[in-house]
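Beneath this line is the structure, given in structure tokens, with notes to follow.
Laboratory data are not the source of any read-out in this text; all were calculated from the coordinates shown. The structure displayed is predicted, hence computed values, not measured ones. Heads up, the Cβs are rebuilt from the backbone with ideal geometry, glycines too, and the neighbour counts pull from every protein chain shown.
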């Protein structure tokens, strides 16, 4: 359970925030969700880090515990997401950042602005290109959502991106996705449209401004955001490492106890800088 929760007044909406504090922790991290995720998606990360690092979690204005505080909300752009993240970082002054899935895009855009408090960042389950598998998935998911076939789109996510999740978490995922409002689905469709307009050069122009150490973590079984796809960015980043988690798919530390422990070890190693992160040749 979080030490406390609050509603942060952002220029782009009211933001639900969860804070976990440990009296022994010397550093803090802000955690950035994926497209349809809430703070609950970081349950394993919180479990691995909460006694070692202070943690700040939040829901974007259109989803989770933020949504009831933002009636009549207009569509949130990627620039809006970046503005929200920058305001949260300015307020809470975290030392580190951890993102999951498409939260990596807003995170990297924010890091390119060089927020002063952030010393290191971990970008998980993210790729800078829509490969064939991801492109096929987002096209099908977008079509289902546009036709208001929300149950079918929820099932598709479990069958594709979430294929390695345990059965119990697939049920939780399905319920969560089916309960989202039409306004939230409109936001997700808008998110997909923004992503599909980006190309490799867009990412390159953002990345070359990032000057802090980065660790990219991907599941070795993830065919949608693959380790090989993200490794190409090593040609453009000044200080980055790449790590693959064996037997893990897109949802990494939520898929099994073993993958959760593996991700936890990599995070702590990177943040403590006590040993080299395992490199992938």
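Give me the orientation-averaged projected area of the Cα convex hull of the chain, in nm², one decimal.
Working: hull surface 53.8 nm².
The Cα convex hull of the chain, projected and averaged over all directions, gives 13.5 nm².
What is the stretch 62-163 by shape, rounded, prolate or oblate, if you read a ≥ b ≥ c off the alpha carbon gyration tensor as root eigenvalues and call it rounded for a/c under 1.5, prolate for a/b larger than b/c, and oblate otherwise?
Working: a/c = 2.45, a/b = 1.50, b/c = 1.63.
Since a/c reaches 1.5 but b/c is at least a/b, the shape of the stretch 62-163 is classed as oblate.
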inquiry  = Counting other beta carbons within 10 Å of each residue's own, what order do 157, 55 fall into, fewest first?
reply    = 157, 55
message = Going by average Cβ density within 10 Å per residue, which order do the peptides 31-38, 186-193 take, highest to lowest?
response = 31-38, 186-193
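For the stretch 162-246, what class follows from the C-alpha gyration tensor (a ≥ b ≥ c being the square roots of its eigenvalues): rounded when a/c is under 1.5, otherwise prolate if a/b is larger than b/c, else oblate? Intermediate values should be presented prior to the final figure.
Values: a/c = 2.79, a/b = 1.46, b/c = 1.91.
In terms of gyration-tensor shape, oblate.
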ask   = So if R0 is 22 Å, what FRET efficiency would residue 172 and residue 19 give, r being the distance between their Cβ atoms, rounded to the nearest 0.05?
value = 0.40
Separation of the residue 40 and residue 190 label points, Cα + 7 Å toward Cβ, nm = 2.4
query = Say we join alpha carbon atoms closer than 10 Å with springs in a Gaussian network model of the chain; which of 136, 154, 101 then has the biggest fluctuation?
reply = 136
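Would you please classify the overall shape of the stretch 157-198 from the alpha carbon gyration tensor, given that a ≥ b ≥ c denote the square roots of the eigenvalues, rounded means a/c under 1.5, and beyond that prolate means a/b larger than b/c while oblate covers the rest?
Numbers: a/c = 4.82, a/b = 1.54, b/c = 3.12.
Since a/c reaches 1.5 but b/c is at least a/b, the shape of the stretch 157-198 is classed as oblate.
How much length is gained if the chain between residue 6 and residue 220 is pulled fully straight, taking 0.36 nm per residue apart and subtracting their Cα-Cα distance, in nm to one decimal?
Separation in residues times 0.36 nm, less the Cα-Cα distance, equals 73.4 nm.
Out of all DSSP beta bridges in the chain, what portion is antiparallel? Express it as a percent rounded to 5.
Values: 12 of 35 bridges.
Here the share of antiparallel DSSP bridges comes out near 35 percent.
Rank these for me by crowding, 222, 199, going from fewest to most other beta carbons within 10 Å. Intermediate values should be presented prior to the final figure.
Numbers: 222 25, 199 11.
Listing 222, 199 from fewest to most nearby Cβ atoms yields 199, 222.
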note = Fewest-first ordering of 15, 7 by Cβ atoms within 10 Å yields 7, 15
query = How far, in nm, would the chain grow between residue 74 and residue 198 when pulled straight, counting 0.36 nm per residue and subtracting the alpha carbon separation?
reply = 42.4 nm
key: Pair residue 151, residue 183: separation of 7 Å Cα→Cβ label points (nm)   = 2.5
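Return the equivalent ellipsoid semi-axes of the stretch 210-257 as a descending list in whole Å, where each equals the square root of 5 times an eigenvalue of the C-alpha gyration tensor. Mind dumping the intermediate values first?
Details: eigenvalues 97, 26, 9 Å².
Here the semi-axes work out to 22, 11, 7 Å.
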inquiry  = With n ≥ 4 as the cut-off for DSSP H runs, can you work out [θ] at 222 nm for the chain, using -39500 (n - 2.57) per run divided by the number of residues, rounded to the nearest 500?
reply    = -12000 deg cm²/dmol
remark   = Mean-square fluctuation maximum in Gaussian network of the chain, Cα pairs under 10 Å, restricted to 235, 59, 211, hits 235
ask   = Based on the Cβ-Cβ distance from residue 91 to residue 50, what FRET efficiency comes out when R0 is 30 Å, to the nearest 0.05?
value = 0.90
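Could you calculate the contour length gain from residue 208 to residue 265, that is, 0.36 nm times the residue separation minus the distance between their Cα atoms, to one decimal place in nm? Write down the numbers at each step before the final one.
Numbers: separation 57, 0.36 × 57 = 20.52 nm, distance 2.81 nm.
Fully extending the segment from residue 208 to residue 265 adds 17.7 nm.
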